[in-house]
1. Quick check for me: using +1 on Lys/Arg Cβ and -1 on Asp/Glu Cβ, what's the dipole size of the range 1-128 about its Cα centre, in debye to the nearest 20?
2. GLY18: net charge of surrounding residues, Cβ under 15 Å, Lys/Arg +1, Asp/Glu -1, itself excluded?
3. So how exposed is THR105, as accessible area in Å² (1.4 Å probe, rounded to 10)?
4. Quick check: from the Cα gyration tensor, does the range 11-107 come out rounded (a/c under 1.5), prolate or oblate?
5. Name the chymotrypsin sites (Phe, Trp or Tyr not before Pro) in the range 10-90 that are in a loop by DSSP and that have at most 15 other C-beta atoms within 10 Å, would you?
6. What is the range 41-96's relative contact order, in percent, from Cα pairs under 8 angstrom and six or more apart in sequence?
7. With a 1.4 Å probe and all protein chains kept in place, how do ARG46, ARG15, ARG58 rank by accessible area, largest first?
8. Rounded to the nearest percent, how much of the accessible area of the chain (1.4 Å probe, protein heavy atoms only) is carbon and sulfur?
Amino acid sequence: LYPGNVAYNSPMALRFSGRFNAEALEWSWNQVVRRHDLLRTVFEMRNGEPVQYATSFRPGTLRKVDFFNLPESERMEAACRQAVREAQQAIDLASGSPWRVQLLTCSEREHIFVVILHHIICDGWSIGVLIRELVTGYEAFVSGHSAPLPRPTIQYAHFAAAQPQQLAN
């Protein structure tokens, strides 16, 4: 309804302290995106009507920002400011992904993974699912195991389409 409104952003930041594997995080995020059509959905207007469609999966590369050029005592504060700036950038639903991610590195042992989801694709429940799947994939990758999560048996679009009929009964 209001393109460019950052009030629709649902930001979160996950802090990783200690040993960290950026390749594992990137792989895990890509697996989450592969699993959920909603994370690959484009929302646009056609002939004055809103339409949505899921795009095919294409693995992405994490945008990375490091703060090694700053004194160590200033890095975390600078990373937090960057996370806030990222959260204050609107998501253009018609031009591509309904989310953005960024990995902020403060040191070899301190990282912040910033995830900005448009509210059209998430709620409190789905954020919990996303975090659980992200962590499960990350742990599988670093331990050398295959992804333990099968493809979901139902996608959100199917659930949403069936919901009016279920409510009518």
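The values are calculated or read from the model by the stated rules, or taken from the named source; none is laboratory data. Nothing here was measured: the structure is a model prediction, and the numbers come from that model. Neighbour counts are summed over all protein chains in view; Cβ atoms, including those assigned to glycine, are modelled from backbone coordinates with ideal geometry. Surface areas here come from the heavy atoms of the whole protein model, side chains and all, with no ligands, DNA or RNA. Shrake-Rupley method; radii C 1.70, N 1.55, O 1.52, S 1.80 Å.
1. With Lys and Arg at +1 and Asp and Glu at -1, about 220 debye.
2. Here the count lands on 0.
3. 20
4. On the way: a/c = 3.56, a/b = 1.81, b/c = 1.97.
Judged from the Cα gyration tensor, the range 11-107 comes out oblate (a/c at least 1.5, b/c at or above a/b).
5. PHE57, PHE68
6. 42
7. Most to least solvent-accessible, the answer reads ARG58, ARG15, ARG46.
8. 54
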